[in-house]
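Right, one structure below, let's go through it.
Just so you know, all these numbers are worked out from the coordinates, no wet-lab data involved. What you are looking at is a predicted structure, and each value in this text was computed from that prediction instead of being measured. When we count neighbours, we look across all protein chains shown, and the Cβ atoms used for this are built from the backbone with ideal geometry, even at glycine.
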Amino acid sequence: IIQPLLELDQNRSKLKLYIGHLTALCHDRDPLILRGLTPPASYNLDDDQAAWENELQKMTQEQLQNELEKGERDNAELQEFANAILQQIADHCPDILEQVVNALEESS
């Protein structure tokens, strides 16, 4: 169960980077694009990766399962927030959305 937790954490880190990039694009263009959007609490958490991985080794199966469920919820919240930012961008500055799509296509 530890491997799925590590993968979830890696996905969370990617989502945070993606959200940070989208947010920066919006702030450069027009900070009002993000008006009314509040990042979920999990976006602002700065985890100590090594300490967290070390802690996982000491957890019981039940604690690991709870951690997995929490990670899934956090990732879902982050994904929902990223989607909300993309919707705001699409509504206010479709040209930025085109830049994002092009960048994603180039990176894959």
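What is the sum of charges, Lys and Arg at +1 and Asp and Glu at -1, for the other residues whose Cβ falls under 12 Å from the Cβ of E53? Show your work: numbers first, answer last.
Values: positive: K58; negative: D9, D47, D48, E55, E67.
Taking every other residue near E53 into account, the sum is -4.
Taking θ as phi - 60°, what are the ³J(HN,Hα) couplings along the stretch 52-66 by the Karplus curve (6.51, -1.76, 1.60), each to the nearest whole Hz, with x for Gly and Pro?
With the stated coefficients, the stretch 52-66 comes to 5, 5, 5, 5, 4, 5, 9, 7, 6, 4, 5, 5, 5, 4, 4 Hz.
For Rg and Dmax of the Cα atoms in Å, the choices are (1) 15.8, 73; (2) 16.2, 49; (3) 14.3, 50; which was calculated from the structure?
Label (2) holds the value from this structure.
In whole Hz and in residue order, list the ³J(HN,Hα) couplings for the stretch 13-18 that follow from phi through the Karplus curve 6.51 cos²θ - 1.76 cosθ + 1.60, θ = phi - 60°; x for Gly and Pro.
4, 5, 4, 5, 4, 4
Please give the length that would be gained between E98 and Q63 if that part of the chain were fully extended, namely 0.36 nm times their separation in residues minus their C-alpha to C-alpha distance (nm, one decimal).
Values: separation 35, 0.36 × 35 = 12.60 nm, distance 4.24 nm.
Fully extending the segment from E98 to Q63 adds 8.4 nm.
Can you work out ³J(HN,Hα) from phi for every residue in the stretch 68-76, in order, using Karplus 6.51 cos²θ - 1.76 cosθ + 1.60 and θ = phi - 60°, giving whole Hz and x for Gly and Pro?
3J(HN,Hα) across the stretch 68-76, in whole Hz: 5, 5, 5, x, 5, 5, 4, 5, 5.
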